Amino acid sequence: MHGIEGFVTATTTAQSVCARIAERLAHQLGQWKVDLWFPKAAKLQYDENTDKLNLAVPSEFVARRIGKQFMGQIQLAAEGELGASVELDIQVRPELFDASPRTGPAQQAVTQAQQALDAKAPVLSRAVPSSISRPSRRPWNLRYKLDDFVVGPSNELAFAAAKGMTDPTQETHAGPLFVFGGCGLGKTHLLQGICNQMLDQDKDARVMYVTGEAFTNEFLTAVRTNKIDGFRRKMRRLEMLCIDDIDFIANKQATQQEFLHCFDALELAGSKVVLASDSHPKFIEQFSESLTSRCVKGMVVQVHEPDLATRAKIIVALAQRRNMLLNEAAIQLIAARCIGSVREIEGALTRVHAMATLIQRNGQSGPVAIGPAVVNQTFASERQTRVNRIVHFDSIADVVCEQLAIDRNQVNGPGRHRDIVLGRNIMVHLAREMTSMSFPEIARAIKRSSHSSVVAAAKRLAEQLKKDESLIHPATGTLMPLSEMIERCRQAIYRVG
């Protein structure tokens, strides 16, 4: 590439690195800008031992112009090649450049500009430093930190494992950390938190957070542009590699093979690997046997749906960030209704806040006080939007039986076992809420000769809900709020229609 030779001064590997950085810079700025400014006017010097990149220039004029116009692009090109943030210094080193003047148009332009500047300002009121440093920055948008992670029984093992990966006293690991679980349960938070923790401990740590899709795209781009060596060098020099949604590469044989080699190289170098997926590695379809075996070699941990207490803690933490003021009753009500992922809780808080703002349009500033009335009104409006969906009693009965692990024939029979009675009562409650069935119609649906028992069941369940009772869940054997059992059934019914 024209102009690259004058831009680089180094030897062997360092020279090759500088040449590739210069090529990236030419792609960013355009070759004409590289030819105008850099040949014989700037020289890159890369120190492999300290990962420091120096840009030597012949005068303070050139230092000022490059520092003002091109510092960011040079930094970006360097980080793109080296795979991590790098310290970049611009140094005035006239002894590295030819003393004889050049007569080319590019050099004439530089010389004339420098002479004009010197003529206008022969004495500078503020000295320009001979070394212009740009502070290092984190190359990814890592939003989450481990300190912000809400820990509960559903995720405490995964959190402990994540903290262990950042412990500087643990120099060796038996294998990678593999975190799996449903969507919105905190896997991304853990992976980004690990990277942030490593960078907090050492701002120059070579860490990377990337999704499986981004890893695949970068690998394929490197293959197409014949830069696979640079891709491999970038990945295999890392101290920590975190890949989210690793199952994305499941049906991509070439990408899997490349990642497998990268995996082995990092492990051999003593680096750490953290992976995340929706499924256990053994159950990811079209995952190669070799890759699966390496994933299960280390620690495989699952994050589950948060329980009621953990959901309440999450709501408190999210509400504080949004400057929302929730009383305890409102917190418990939201926690009982949002039984799935953290994203569901975030969405509920957004809607509750919007409802509170709509109700309290009185110009008050600061946190909006929110109680159970606002929460109930929010959920009631959501339920109203689903009225047009026709729900059949058979769907309600099938879902309740599945959720509580009971037999429908027993529900329709004379049995009085605690679990059967609970299932029967929930069916009656949801049928009254989600259908237009009368008590006699519900009684016939569950094979009752008189509707008086159905009326009694509805009243009994309403009293239990008013008292916010917790009962033993028939399927799990754990204590669970009755409101949560009903909400789980309700959401499952809406999913199946």
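Key figures for this structure:
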| item | result |
| --- | --- |
| Tally of residues being without any contact (Cβ under 8 Å) to a residue 60 or more places away in the chain, outside any strand (DSSP E or B) and closer than 20 Å to Asn196 by Cβ across the stretch 214-245 | 4 |
| Test for Gly193: is it closer than 19 Å to Phe180 by Cβ and either touching a residue at least 24 places away in the same chain (Cβ under 8 Å) or not in a helix (DSSP H, G or I) (or both) | yes |
| Top-ranked residue in the stretch 268-287 [being part of a loop (DSSP other than H, G, I, E, B) and touching a residue at least 60 places away in the same chain (Cβ under 8 Å); ranked as nearest to the chain's Cα centre (by Cα)] | Asp278 |
| Ile420 vs. criteria in contact (Cβ under 8 Å) with a residue 60 or more places away in the chain and under 49 Å from the mean Cα position of the chain (by Cα) | no |
| Hits in the stretch 288-323 - residues which are within 21 Å of the chain's Cα centre (by Cα) and in a helix (DSSP H, G or I) | Cys295, Thr310, Arg311, Lys313, Ile314, Ile315, Val316, Ala317, Leu318, Ala319, Gln320, Arg321 |
| The listed residue being touching a His at 6+ places or on another chain (Cβ under 7 Å), at pLDDT 85 or above and closer than 25 Å to Pro306 by Cα, out of Ile426, Ile486 | Ile486 |
| Residue in the stretch 402-415 that is of a type in the set (Lys, Arg) and either more than 21 Å from Met485 (Cβ to Cβ) or outside the structural domain of Gly477 (by TED's automatic domain parsing) (or both) present | no |
| Selected residue [surrounded by 19 or more Cβ atoms within 10 Å (Cβ to Cβ) and more than 26 Å from Gln332 (Cβ to Cβ)] from Arg444, Arg448 | Arg448 |
| Close pairs from the stretch 150-167: first within 15 Å of Ile194 (Cα to Cα), partner among the polar types (S, T, N, Q) and crowded, with 16+ Cβ neighbours inside 10 Å, Cβ under 7 Å, at least 6 apart | Val150/Thr310; Thr166/Gln197 |
| Meets criteria (modelled with pLDDT of 70 or more and either closer than 19 Å to Lys234 by Cα or surrounded by fewer than 18 Cβ atoms within 10 Å (Cβ to Cβ) (or both)) for Lys52 | yes |
| Positions within the stretch 200-213 being in a helix (DSSP H, G or I) and either outside the structural domain of Pro168 (by TED's automatic domain parsing) or modelled with pLDDT of 90 or more (or both), in sequence order | Gly212, Glu213 |
| All positions within the stretch 425-434 that are over 40 Å from the mean Cα position of the chain (by Cα) and either surrounded by fewer than 24 Cβ atoms within 10 Å (Cβ to Cβ) or not assigned by TED's automatic domain parsing to the domain that holds Glu487 (or both) | Asn425, Arg432 |
| Helices (runs of 4 or more DSSP H) (entirely within the stretch 398-497) containing at least 1 residues that are farther than 25 Å from Ala380 by Cα | 408-412, 418-434, 439-445, 452-466 |
| Hey, Lys313 farther than 27 Å from Arg488 by Cβ and of a type in the set (Lys, Arg) or not | no |
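The values are calculated or read from the model by the stated rules, or taken from the named source; none is laboratory data. Everything quoted here is computed from the prediction, not taken from an experiment. Cβ atoms come from the backbone with ideal geometry, glycine included; neighbour counts cover every protein chain shown.
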